[in-house]
Structures are given as C-alpha cells and as structure tokens.
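The values are calculated or read from the model by the stated rules, or taken from the named source; none is laboratory data. As the structure is a computational prediction, the values presented were derived from the model and not from experiment. With ideal geometry, Cβ positions are generated from the backbone for all residues, glycine too; neighbour counts draw on all protein chains shown.
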Amino acid sequence: MRLLLTGASGFIGRNVLLRAPRDWEILAVHHHTALDGFLSRHQLTHVRPLRCDLTSAREVSALVRDADATHGSAGIDACLYLAANGDPAQSADRPAWDLQLNTLALVTLLEQIRVGHLVYVSSGAVYDGLSGPVTPETPVAPRLPYAISKLASEHYLRAFAERRKTVGSFVNVRFFGAYGPYEAPRKITTRWMRALMNGQDEFTIRGNGQNLIDFMYVDDAVDGFLRLTQAGGFCGTVDFASGSPMTVNDVVRALARAAGREVAVRHDGHTEEFIEFHSVDPTMRDRFGVVPGVTFADGVKRLHDFLAQERDGAGQPA
C-alpha cells in the first residue's frame, strides 16, 4: 500500500503512523509541527515526512511532483485526508480562516493529485441543528461555519471523483470524534484529566452540559480509518461514531472515576456546539466490519496512564 496521509502531525495522524502496517509506504504530509523526532523515536522508517501548506498551490504542486518522482507510474494507492481546522468553535468567529483550512486546502490538493482511493475525514458536525437519530440520508443544513465547510468539502470530493475522474473512488467519513494519547491539550479529555491529576476538584462546563459527545478511543478510530483506506471501489458517505453517546456532564464524571477523584461541576454561559443528535448509520459495522471495542472507562484509564507516564518523564514526547 502506498498511502498519502495529510494532517500527519496531528492527533489522529500520529496514531495512524503508529498503527499502520510497517510494510506500507507512507508519505506523511505535515505543516506547522515537525515529524522527524516522532518518526525517529518510534523507528517508523517506512514513513517519509513532507512539509506542505495545502492551501498553497505552489507547495502542493511541489508535493505532487515529489510523490510522482518517488512512486513513478505506480502512483498513490490511497489518500487518508485528515488535515483540517482542529478547533470547530473558532469557526464561528473566523469563518474565512476555517474555510481555507477545511475546504480550500482539500480543493487545492484535488486539483493536482490523481489517486486511486481517497478517504476524507469529514465530521458529524454536518448534522448541526438537528436532534435525535441521523444517518447520511438525513437532510442537513448546518449553521456552524466548521460544519458548512466540512459539508462543502464532501461535495467537492464527489465532484472530482465523478466529473474529473482524478479520484478513483472515495469515502466521506462523518467522524464523531476520538480521544486518547497525543490529542491537543485543549481537548476536554486531556485537559480535564490533567487537571484532575493536578488536584483540581471543581470544573466549569460551558452551557448545561447536556450536549452529546459520541467519541471513541483513538485506536478504534484509527483501525476504522485504515480499513477504509483499503476499501477501494466504494463511493459514498458513512457515519463513524462509537454508538454510545454521552453528555458532557457524564464525561467529566467518568474522567473523575478513572482518576479516583470526587469532583463538583458548575455550569456557565453557552456553547457554540450544542449537540442533540446521534448516528444510527450501520454502514461501518455491516459493510466494513468496524465496531469500536474499547469502552470509555477503559479508554480514559489508558489516557490517564499515558499522561502519568508523560508527566513522570517515562512517556513518549509528542
């Protein structure tokens, strides 16, 4: 497998690099954060890091030329597209910036690349404003700029596959999120777990804490994405969620239990992302055999242990 991985230095990207088969040839595209030290520490000699600003047509052209020079007529078998705005809430105040990172970057790559199969990691946020059960057949009309740009990107990918024929097949994955090692420090699981480990016993949640989170442990997420990269020939949109949504209030209490702590929870203000929907799409299970298997209790315990090792100097640096 020759895989082009964008967003390789991010949370999901690093975990993909750790779990992908070692006999794959991986071109790991990153931008702001270097990967060389991470690759060296984990002896990922089958991974070649390439720095590229995907919003720059000039840099993307150089990236594609490099990939062609490396792989020649064999080409790229698959692309796992993870690059994105990593902070959806910021899109409300910076919609143009969000559009550049989520949509312009993808289109700039699609204009120049030819690939056998492309897996685009979209977001469950496209169901913004809905409540109750949803599937990819559910009509959507999101209002959050992040969700709008993700939905637009899905349509652009379909257009390039069906009209330009530069993408052989594609999957738009409406991903509901993950947690685990190497996630951004601002993410609630890592931020709150570190706070608990540092002795904090009171937490303030924006809004009433009843909005839903349906995320999974990162190993389950990565295994699902790797399965999809090998699903050449399939074209369509799927939801990828744990199937066990929790309220934000439940998340903080579960983190406290994993850390062996008692906490008090206060509520204040409102949140830009108030989620009242949950996916009932069976495609990942029925067609691709992907079923997240790590319980939230087990997953946050693994995250706790990783952060404890990192804090004590025995873990693997980011």
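Couple of notes before you dig in:
- A search for C-beta distances below 7 Å between a residue of the range 279-300 that is part of a helix (DSSP H, G or I) and any residue that is at pLDDT below 95 and of a type in the set (Ser, Thr, Tyr), counting only pairs 6+ apart in sequence or on different chains, returns 300/189.
- Answer residue from the range 190-206, given it is in contact (Cβ under 8 Å) with a residue 60 or more places away in the chain and surrounded by 16 or more Cβ atoms within 10 Å (Cβ to Cβ) and is nearest to residue 18 (Cα to Cα) among those: 190
- Residue 210 fulfils the conditions (1) of a type outside the set (A, V, I, L, M, F, W, C); (2) closer than 25 Å to residue 291 by Cα; (3) over 11 Å from the mean Cα position of the chain (by Cα) except for a single criterion, (2).
- Between 29, 60, 16, 64, the distinction of being surrounded by 21 or more Cβ atoms within 10 Å (Cβ to Cβ), farther than 17 Å from residue 119 by Cβ and β-branched (Val, Ile, Thr) belongs to 60 only.
- Filter result (surrounded by fewer than 24 Cβ atoms within 10 Å (Cβ to Cβ), assigned to a loop (DSSP other than H, G, I, E, B) and either of a type in the set (A, V, I, L, M) or in contact (Cβ under 8 Å) with a residue 60 or more places away in the chain (or both)) within the range 80-117: 82, 85, 86, 87, 113
- Residue selected from the range 266-286 under the condition out of contact with any Gly (no Cβ under 7 Å at 6 or more places or on another chain) and of a type in the set (A, V, I, L, M), by the criterion farthest from residue 125 (Cα to Cα): 280
- Failed criterion for residue 70 (all others in (1) touching a strand residue (DSSP E or B) at 6+ places or on another chain (Cβ under 9 Å); (2) at pLDDT 95 or above; (3) among the polar types (S, T, N, Q); (4) not in a loop (DSSP other than H, G, I, E, B) hold): (2)
- The lone exception for residue 23 - which of (1) surrounded by 16 or more Cβ atoms within 10 Å (Cβ to Cβ); (2) free of Cβ contacts under 8 Å to residues at least 24 places away in the same chain; (3) not in a helix (DSSP H, G or I) it fails: (1)
- Qualifying residue in the range 150-170 (condition: within 21 Å of the chain's Cα centre (by Cα), assigned to a loop (DSSP other than H, G, I, E, B), closer than 25 Å to residue 229 by Cα and at pLDDT 95 or above): no
- Verdict on residue 305 being among the acidic types (Asp, Glu), in a helix (DSSP H, G or I) and surrounded by fewer than 14 Cβ atoms within 10 Å (Cβ to Cβ): yes
- Residues of the range 128-149 satisfying the condition of being at positive phi and assigned to a strand (DSSP E or B): 132
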